[in-house]
Structures are given as C-alpha cells and as structure tokens.
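Q: My structure is below; once you've seen it, I'll send some questions.
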Amino acid sequence: MSELFRKLPSMDAVLGRVEKEQDLASLPRNMLKDLVNTFLDLCREEIRSGIITREDALDLKNLWPRLRIFIKVQARPHFRRVINATGVVIHTNLGRSILTEEASRAVTSACLHYSNLEFSLQTGQRGSRYSHVEDLLCRISGAESGLVVNNNAAAVLLTLDTLVKTREVIVSRGQLVEIGGSFRIPDVMAKSGARLREVGATNRTHLKDYEQAIGPETGALLKVHTSNYRIIGFFKEVSLADLVKLGQEHGLPVIEDMGSGNFFDFQAHGFSFMPEPTVQQVVRDGAAVVCFSGDKLLGGPQAGIILGSKQYIDRIKKNPLNRAMRIDKMTLAALEATLRLYLDPELARQKVPTLRMITMGEKELKNKAQRLKNRIRRHLGGQVRSKVFPAYSRVGGGAFPEQDLPTYLVGLEFSSLTCDEIRTALLRTDPPMVGRVEEDFFCLDPRTIDDSEFTMVVAALKEALQEVDDR
Ligand SMILES: *Cc1c(COP(=O)(O)O)cnc(C)c1O
C-alpha cells in the first residue's frame, strides 16, 4: 500500500499537465492547488479502502480524465445559469424576471464603459442618476413624479419613513401579508417607525373602519396588494377610489403597495382572466404614492419604483435614507432599456420575456411541448417514456396568485430511475435544470424554456442519466 501512495503524481506534475489545457490553466492558482490536493486526498482514501489496487491506475495519464472533470465541476462559479422548466414565470428563487436583449446590452455597456450616470450632458455639471428613468416612468404611468430605489421593500420603507414617520398609518388587517422567505410586510413597515393601525377583520374591511380609525395621529392610509394569497367567499375590501376620497376629506395621502405593478394591461389585450389594475389605473384613481417591484410583472431588473404626486415624491427624494437604498448603474441601464419598450405596449409584450411567457397561447405551448418531446425521444430513445398533457403554469412572484395559466407539459418517465432520482441528478448537470413532478412524471413546462435551450435540455437529461449510471 505504501508503494501505491508513493506512486501518486506530485503537485508539480499535475500543475504541469493543467498548463496544457487553456480553460483550466486560467483558473486562480490557489484554487487549482486546493482542488488538486482534495483530489489526491480522494485517491489516498481509495487506496486505503482498496478501491485503487494497481500502480498503473495512478499514472497521471490514467488519472487525468477523472481529475480534469473533477477540477471543472468543482471550479464552477457558485452563482450560475439554471434552466427553468417549472413553468413559474416570475420564479423568485430562480432570479425572478429574465431581461430583454436590449436591457442586457445596456447593462454590458454600463459595466464596461464610463457613463453620464450623474453627469448632465446639457450643462457639463453634476446631474441626477434618477433623470435617466423618471421621464419615462411618468410618461408611461401618467404620474407627476417618480424615483427608483433598490427594491420594493425599500420603496415601502422609504415612503412610510418620509410621509408617516412616527405617526400612524391605517391598513386593513387582511392586507398584512408575508411574502415568502418568512418576510413580512408589516415588519418592514414597522422599521420605518410608523405605527401600523390595523382595521377591519381578516376577511372584511369597510370604509367606515378606516374612517373611525382616523385621528390626530394619522399620517396616511395604506393599501397593500395581497400578493400571494386570495380570500374568496365572504370578503370585502375598500376600493382605492373610495380610500382616496376619504383621504381627501381628511387631508391624508393614500399609499398603495402594488407589489407586482404592471404597466401592461392584460385585460385590454384579451387576457380577461387576469383582472388586476395597472399602475396607470392606480395613478388615475388618485393614489398619492404607488410603489412596486421592477423584477416582477414589469419584467425588468430588481428595483423598487415609487410614483406619485410631486409634493410627496419631492419629499421622498430628499429623505437621507434614499441614499442608502439607491440603485446602481447596471440596474438603471437595464430599467431604462426595459421601460422604453413600454412606450409601445405591443412591443413590450413581444420583447419583454416575462410578458411574452405569460401571454403565450395554448396552441403555441402545445406545439412547443410536442417539439421538445420529439427532440428528447430522438436523443434518449428507449431510456424514457414521454407524453404531452394539459396542465397549468403559474405567473409567480406574488402576481395573480390564483391564476392558472393553461399549458402543456412534457412528462418524462425513466426506466432506470425514479422521479426523485432524476430531479436530484438534474441539479448537478451543467447547466442544472429545475422541473416539477406531476402525476408521477418528471415534467418540463415549455412556457419558461426558450427554444434556444432545447439542446441544453436534452444534454442535461443525458448528463443526468449518465451520472446515475456511473454510480
Ligand atoms: C414582492 C412584494 C414586496 C417586496 O418587493 P421586493 O421588490 O421583493 O422588495 C412588497 N410588497 C408586496 C405586496 C409584494 O408583493
């Protein structure tokens, strides 16, 4: 056995071999050394446990194929591309919205070059970073004024900190929601110092509940979009228009946290199953301030967009907290590129991936599922049984929580492994693929898989099957 230990290649010999492979040679030296050491330890373990018994197995030439794959797999970046086969369009765990080509190009340019981020090309003096998107936001929404911060949670916090401070904000009990990751809206709100005055019952809140709660301590009325759940049955909430009227009678601003604000009017475009107000409607109904996420239904980068009347937005802009929540240049670049498309709603529908995926027709989905199934059958043949069957996708991101989008799934059943085994194996492929299990089939939803990813889907399945075979 000690003979075998001595036969292990030296670090220098291994590094010499690595030099010959361009993609490996460019890795940081320390990372390489650590990985080689880990690999050599594995070999020692295999010698000790009698897995490696022959000297020639330890020749660098023979170890190299395994070592090469080991280094490649271990040296992958931690933050990586994933194939989303779940059908959940705005998948918070998988990066919410994917961006348009236009946005991606704008980000690249902002990264690689200097820019007029805070520099006015009119005056040659210092400019404002918000000027790049404020006009667009106002033009699209009809609001007087606007600004953008890091995300919607920050937008809500900043708005309350500015307009309510230590006074009371009146909100319906039914709208105090937890939005996932055990993250509660009321907790964020409380951090502003504003005191939440809850009114109504969980399922029903009336205008008179708000009215009775208004007093000298009241700073604002708040409406929160109940993102990820819906009460059905004996239910009542007060309309924004009614709240605005009440607010006006008492000189109080109404703030609306839309969560997943959308500029695109799904109903006007024939998607009558999605009865949600647009940002434009909320502005028109007279909300003093409305805030929403940039990376949910808008289909842009992570951002918190705050729109409203100039008198309130001006105060929010001047709040020192704003500086602690400001968005970076890459986000601004992506946001401007995304917003420009919304000047023509149909253009936005075609180009913004989030909108394109949500509005994809059943016929197109069925056709896409069929093509994907055929492709998989062609390459994996006898290893898999497959079927296309009707099911539902979800919008996700807290938008349209109960809204089922009709789709067609490609269901896969493998002769050699269970659903759970293929699911786990696919987390280790490059890129990994996340699907879902339905009717005991491992399912791929074509809604969130781009045609250009079909080759990768097949490769991932092959790789997963191979990995299970190898074990
Ligand atoms: C998603 C959501 C938020 C938080 O938005 P982020 O952009 O994730 O910070 C706040 N309020 C509501 C109602 C939401 O749906």
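Q: Let me confirm something: among 306, 316, which residue is in the same structural domain as residue 106 (by TED's automatic domain parsing) and assigned to a strand (DSSP E or B)?
A: One residue alone meets the criteria, 306.
Q: What is the number of the single condition among (1) farther than 30 Å from residue 341 by Cβ; (2) of a type outside the set (A, V, I, L, M); (3) surrounded by fewer than 15 Cβ atoms within 10 Å (Cβ to Cβ) that residue 64 does not meet?
A: With (1) farther than 30 Å from residue 341 by Cβ; (2) of a type outside the set (A, V, I, L, M); (3) surrounded by fewer than 15 Cβ atoms within 10 Å (Cβ to Cβ) applied to residue 64, the lone miss is (3).
Q: Is there a residue being crowded, with 18+ Cβ neighbours inside 10 Å, modelled with pLDDT under 95 and in a loop (DSSP other than H, G, I, E, B) anywhere in segment 431-442?
A: Within segment 431-442, none of the residues are crowded, with 18+ Cβ neighbours inside 10 Å, modelled with pLDDT under 95 and in a loop (DSSP other than H, G, I, E, B).
Q: Take the residues in segment 358-392 that are within 18 Å of residue 454 (Cβ to Cβ) and not in a helix (DSSP H, G or I); name whichever of them is farthest from the ligand (Cβ to nearest atom).
A: So the residue we want is 384.
Q: Something else about it: Is it true that some residue in segment 249-261 is crowded, with 23+ Cβ neighbours inside 10 Å, in contact (Cβ under 8 Å) with a residue 40 or more places away in the chain, charged (D, E, K, R) and within 16 Å of the ligand (Cβ to nearest atom)?
A: Yes: one or more hits.
Q: Ok, one more. Which of the residues belonging to segment 131-150 are under 23 Å from the mean Cα position of the chain (by Cα) and modelled with pLDDT under 95?
A: If the condition is that a residue be under 23 Å from the mean Cα position of the chain (by Cα) and modelled with pLDDT under 95, then no residue fits.
Q: Name the residue, out of 192, 145, 141, that is within 16 Å of the ligand (Cβ to nearest atom) and buried (at least 17 other Cβ atoms within 10 Å of the Cβ).
A: Just a single option satisfies the conditions, and that option is 192.
Q: Here is a further query. Those residues that are in contact with a helix residue (DSSP H, G or I) (Cβ under 6 Å, 6 or more places away or on another chain) and crowded, with 17+ Cβ neighbours inside 10 Å, I need them from segment 340-351; list them, please.
A: 341, 342, 348, 349, 351
Q: Does residue 324 meet the test of being over 18 Å from residue 278 (Cβ atoms), aliphatic (A, V, I, L, M) and without any contact (Cβ under 8 Å) to a residue 40 or more places away in the chain?
A: The answer is yes for residue 324.
Q: Separate question: Can you tell me how many residues within segment 72-119 are surrounded by fewer than 15 Cβ atoms within 10 Å (Cβ to Cβ) and of a type in the set (Lys, Arg)?
A: Total meeting the criteria: 4.
Q: I would also like to ask the following. Of all residues in segment 418-429, which are in contact with a helix residue (DSSP H, G or I) (Cβ under 7 Å, 6 or more places away or on another chain) and assigned to a loop (DSSP other than H, G, I, E, B)?
A: Here is the first cut: in segment 418-429, the residues in contact with a helix residue (DSSP H, G or I) (Cβ under 7 Å, 6 or more places away or on another chain) are 421-422, 425-426, 428-429.
Hit for segment 418-429 is 429, nothing else.
Q: Additional query: Would you confirm whether or not segment 266-277 contains a residue that is hydroxyl-bearing (Ser, Thr, Tyr) and surrounded by fewer than 19 Cβ atoms within 10 Å (Cβ to Cβ)?
A: Within segment 266-277, one or more residues are hydroxyl-bearing (Ser, Thr, Tyr) and surrounded by fewer than 19 Cβ atoms within 10 Å (Cβ to Cβ).
Q: Filter segment 361-384 down to the residues that are modelled with pLDDT of 95 or more and aliphatic (A, V, I, L, M), then identify the one that is farthest from residue 292 (Cα to Cα).
A: Per the stated criteria, the residue is 376.
Q: Can I ask one more? Of the residues 337, 369, which is out of contact with any strand residue (DSSP E or B) (no Cβ under 7 Å at 6 or more places or on another chain), surrounded by 18 or more Cβ atoms within 10 Å (Cβ to Cβ) and touching a residue at least 24 places away in the same chain (Cβ under 8 Å)?
A: 337
Q: Restricting the search to segment 153-189, which residues are in a loop (DSSP other than H, G, I, E, B) and either away from the ligand (no atom under 11 Å from the Cβ) or not aromatic (Phe, Trp, Tyr) (or both)? Let's see the steps before the verdict.
A: So in segment 153-189, the residues in a loop (DSSP other than H, G, I, E, B) come out as 164-167, 176-177, 179-183.
Within segment 153-189, 164, 165, 166, 167, 176, 177, 179, 180, 181, 182 qualify.
Q: Okay, moving on. Can you name the condition, by its number, that residue 226 falls short on among (1) in contact with a strand residue (DSSP E or B) (Cβ under 9 Å, 6 or more places away or on another chain); (2) more than 16 Å from the ligand (Cβ to nearest atom); (3) over 30 Å from residue 344 (Cβ atoms); (4) in a loop (DSSP other than H, G, I, E, B)?
A: For residue 226, the exception is condition (2).
Q: While we're looking at this one, here's another question. When both residues are 6+ apart or on different chains and their Cβ atoms are under 9 Å apart, which pairs have a first residue that lies in segment 414-426 and is farther than 12 Å from residue 464 by Cα, and a second that is basic (Lys, Arg)?
A: Short answer, once both residue conditions are applied: 415/385.
Q: Which residue, of 378, 385, is surrounded by fewer than 16 Cβ atoms within 10 Å (Cβ to Cβ), in contact with an Asp or Glu (Cβ under 7 Å, 6 or more places away or on another chain) and not assigned by TED's automatic domain parsing to the domain that holds residue 272?
A: So the residue among 378, 385 that is surrounded by fewer than 16 Cβ atoms within 10 Å (Cβ to Cβ), in contact with an Asp or Glu (Cβ under 7 Å, 6 or more places away or on another chain) and not assigned by TED's automatic domain parsing to the domain that holds residue 272 is 385.
Q: What about residue 349, is it more than 16 Å from the ligand (Cβ to nearest atom) and more than 23 Å from residue 89 (Cα to Cα)?
A: So residue 349 does not fit the description; no.
The values are calculated or read from the model by the stated rules, or taken from the named source; none is laboratory data. The structure displayed is predicted, hence computed values, not measured ones. Note that each Cβ is placed from the backbone with ideal geometry, even for glycine, and that neighbours are counted across all protein chains shown.
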